[in-house]
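To start, the structure under review is shown below, and the notes come after it.
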Amino acid sequence: MNFKLKLLGTILAGALGGAGCTISMSDDKIFNPPKWKEKASTQEELKFVDEDLLTSQWTKELEAPLVEGHLPADIEHGFVEVADYRIAYSVVKSSKSESDNSRPLILSCYGSAGDRPNLGVYYAKKLLPWGDVFEFDYPGYGDSTGTPSVDSVKAISSDIVSLANQLAGDRPLIFWGHSLGGFICPEMAALSEKLDGFVYETSALSAEEAAKEWKPWFLRIFPFIKMEPSTTPRDGDNATPLKDKDIPVLVLAGSKDKVLPAWLSRSLADALENQGNDTTYLEFENGTHINIPLEDDFAARAGPFFDKIQTQFEAKKQN
């Protein structure tokens, strides 16, 4: 009997007994790598699914009008040896990058079911209007070796940040954490001497708060199920790593997010404000868990945040 059938048996037993059911949120429930072919063994084998959508002129098929002026993009794939892992990464550069050496670099931390080969194009089309995009596979995801876990992500963090610092060079560096990435990217950002801005996209303040709402997809029809974290990955919460960081911080929430509802992002924004961060909170009426940067009003509402990053970065260079 497989894991899901055993779990459903436990759930039904609890329901018939008139009691709720609490399930521990272990690493294998938090990390959920998409299925992918055999891992690439050479740099030449690395790619995105539908990569040609980014390396060609813009078409309606891409469904991201803001990206139009940045195509055809240049994509570089590679591996970096980190501790006991071989981590696959990709850098997506705008067609404007050669003429605009002030474009930020964005380090993208995926959600739990996101990886570089399957969703690299999707994340790039969301982020490319705001900077060149550095994407990487967590251990055990996509073309990276290892097993997904809190500890394995911690093991690669400093090396990934060092590579991001190097790639950014003399231009702004933004960390962007989506969903689970909002738990991972803050720790990485705290390690960077080049941190210039941070974006939390549809995330949460803590595992404890997220556990009040989040469930694996196959459990969402059972309202009496509660999840709780089996371990605490850090002291403090997802705001804590940015304490005393003098950078603009953007928190994005979707009113139609059924995975991590907007109140979780509002709680995160409140914590950031209370600890003194320069925080902007934006909630989008039609925003879901994954589509906010593709919303029609995103550029108008979020644009001032990215302008502030550029202004502060230029001011630092002058000092």
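Points to keep in mind about this one:
- The residues in region 182-221 that are outside any loop (DSSP other than H, G, I, E, B), of a type in the set (Asp, Glu) and either within 20 Å of Phe31 (Cα to Cα) or modelled with pLDDT under 95 (or both) can be counted, and the count is 4.
- Residue satisfying all of: in region 98-122; open to solvent by 10 Å² or more (accessible area, probe 1.4 Å) and part of a helix (DSSP H, G or I); farthest from Lys316 (Cα to Cα) among these: Asn118
- In the set (1) over 30 Å from Ala207 (Cα atoms); (2) among the acidic types (Asp, Glu); (3) modelled with pLDDT under 95, the condition left unmet by Asp84 is number (1).
- Matching residues in region 222-258 - criterion: being assigned to a loop (DSSP other than H, G, I, E, B), modelled with pLDDT of 55 or more, open to solvent by 30 Å² or more (accessible area, probe 1.4 Å) and within 24 Å of Glu193 (Cβ to Cβ): Asp235, Gly236, Asp237, Lys243, Asp244, Lys245, Asp246
- Filter result for Ala239 (in contact with a strand residue (DSSP E or B) (Cβ under 7 Å, 6 or more places away or on another chain) and either free of Cβ contacts under 8 Å to residues at least 24 places away in the same chain or within 20 Å of Ser108 (Cα to Cα) (or both)): no
- For Lys47, the test of being surrounded by 12 or more Cβ atoms within 10 Å (Cβ to Cβ), among the basic types (Lys, Arg) and modelled with pLDDT of 95 or more is passed.
- Residue list for region 178-211, restricted to those being out of contact with any Asp or Glu (no Cβ under 8 Å at 6 or more places or on another chain) and without any contact (Cβ under 8 Å) to a residue 40 or more places away in the chain: Leu191, Ser192, Glu193, Lys194
- For region 59-90, the set of residues classified as among the β-branched types (Val, Ile, Thr) and surrounded by 21 or more Cβ atoms within 10 Å (Cβ to Cβ) consists of Val67, Val82, Ile87, listed by residue number.
- Residues (β-branched (Val, Ile, Thr), farther than 25 Å from Leu205 by Cβ and surrounded by fewer than 24 Cβ atoms within 10 Å (Cβ to Cβ)) located in region 128-155: Thr145, Thr147
- Sole residue being open to solvent by 10 Å² or more (accessible area, probe 1.4 Å), at positive phi and either at pLDDT 95 or above or of a type in the set (D, E, K, R) (or both), chosen from Ser158, Ser95, Ser162, Ser179: Ser179
- Condition broken by Ser108, with the remaining ones in (1) over 22 Å from the mean Cα position of the chain (by Cα); (2) within 16 Å of Phe134 (Cα to Cα); (3) among the hydroxyl-bearing types (Ser, Thr, Tyr); (4) modelled with pLDDT of 95 or more satisfied: (1)
- Filtered residue count, region 259-317, keeping only those that are in contact with a Ser or Thr (Cβ under 9 Å, 6 or more places away or on another chain), open to solvent by less than 50 Å² (accessible area, probe 1.4 Å) and part of a loop (DSSP other than H, G, I, E, B): 7
The values are calculated or read from the model by the stated rules, or taken from the named source; none is laboratory data. Given the structure is predicted, the values throughout are model-derived calculations rather than measurements. For neighbour counting, all protein chains shown are included, and Cβ atoms are generated from backbone atoms with ideal geometry for every residue, glycine included. Note: accessible area is taken over every heavy atom of the protein model, side chains too, but ligands, DNA and RNA are not part of it. Shrake-Rupley method; radii C 1.70, N 1.55, O 1.52, S 1.80 Å.
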